[in-house]
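Reviewing the structure listed below.
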Amino acid sequence: MSSEPLAAAPRRAEAPRSELRRARIAIAAVFCVHGAVAGSLATRIPWIQDHAGLGAGQLGLALAFPALGASVAMPLAAAVSHRLGARTGLRTLLALWTLSLALPSLAPNLPGLCAALFVYGATSGMSDVAMNALGVETENRLGRSIMSGLHGMWSTGALIGSAAGTVAAHLGADARVHHAAAALVLTAAGLVACRGVPDAAPAPGGEPPPRFALPPRSALAVGAVGFCAVFAEGAGLDWSAVYLREVLGTSAALAAASTTVFALTMAVARFAGDRVVDRFGPVRTVRAGGSLATAGGLLVVLGTHPVPVLGGFGLIGLGIAVVVPLAFAAAGRSGGDPGRSIAGVATLTYTSSLLAPSAIGAVADATSLTVSFGLVAVLTLGLVAAAGVLRTPGRGGARDGGAASSAARS
């Protein structure tokens, strides 16, 4: 495959480079704010559980509702952005998401918490679609890959939000007060960030999307790639510590380190990923990543000592880190309405995040955790086989699909 410079493709308008840099900073800040909301909620789940008087099973049921809300609402996002305009649509949806942070801690019981988390997930999913669509638009205008770094900024925001939540929990702060204050601060930050994002307009003469848009067929194959990566991510984050503890009999501290290793390798890989994608293109990047993740899965399955198993979890995180950002970028370039295609991919990935923890547990109950991570290795091997769907069809001369840009790709 060629590594020649990418040929120029039609642009809406040639924007000054300084304006494009400001747009990139603005959309990165949006991703950071979005992640900070998720991190802020995660650290106060124990307080919310106690406040609502829930058992473990009831909490598990309630925690399924964010993914359900997101899956239901994401197909609406394209219509909202079309009606309000890309920038105003993102500003509105992001504000609804940041303000929804205050709802779960107010819930007095299980039905109230389920309803609050459904709204929380719905606003999360719609704002997720809108910001990824504008991330792809910004990437197209810049002419080089930025999606991996944007998702790295989401991870940074999640770390910031969780750090603040940890401090609040340590001080014994009431989560209702903590989340109300965080919601106001993050809403203000989101409104400021949205001022600099590009206001992408619909294509001239294009039909408005339906109010509720099912994903186009072209997004399904791309979404399946994202599904495999998110399944492996959910398995690694939720089950790595359990695996070391139950299968290898390690200490609780060493078991917890596996989750840290996994998350750290993902974050580092996402910040480095854009340069790799620009150099080798998305298809070869995902094939290499899938190979690394599969090797990591085999180390986990075959390892009998904590060190290689920890290394295996690190390789899984490293290998899958850039897959979801590239899946969103490919969806946004697949033709038709970008928001609708991204919504389709996002729906599949959210479904995967919902299914992964319970599926790993079900397989482990029926067989063993070792077999469960054998399934993870099979799915990551699927990334190697299916990476070609991330190539944009109909354009020749680019590096196997090349950097996600407004330039031509094969």
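A few comments on the model shown:
- Note on segment 268-308: residues that are of a type in the set (Val, Ile, Thr), over 21 Å from the mean Cα position of the chain (by Cα) and either buried (at least 19 other Cβ atoms within 10 Å of the Cβ) or not in a helix (DSSP H, G or I) (or both) amount to 3.
- The residue that is modelled with the lowest pLDDT, counting only those in segment 216-272 that are under 24 Å from ALA133 (Cβ atoms) and of a type in the set (Lys, Arg), is ARG217.
- Neighbours by Cβ (under 7 Å, 6+ apart or cross-chain): first from segment 378-390, under 14 Å from LEU292 (Cβ atoms); second basic (Lys, Arg) and part of a helix (DSSP H, G or I): VAL384/ARG287; ALA387/ARG287
- Members of segment 105-152 that are closer than 16 Å to ALA36 by Cα and hydroxyl-bearing (Ser, Thr, Tyr): TYR120, THR123, SER124, SER127
- Exactly one residue out of GLY339, GLY335, GLY361 is more than 13 Å from GLY223 (Cα to Cα), in a loop (DSSP other than H, G, I, E, B) and either acidic (Asp, Glu) or modelled with pLDDT under 85 (or both), and it is GLY335.
- Meets criteria (farther than 21 Å from ALA224 by Cβ and modelled with pLDDT under 95) for ALA295: no
- If the condition is being outside any helix (DSSP H, G or I) and surrounded by 22 or more Cβ atoms within 10 Å (Cβ to Cβ), then segment 35-64 contributes only ARG44.
The values are calculated or read from the model by the stated rules, or taken from the named source; none is laboratory data. Only a predicted model underlies this, so the values are computations on that prediction, with no experimental measurement involved. Glycine gets a Cβ as well: all are built from the backbone with ideal geometry, and neighbour counts include every protein chain shown.
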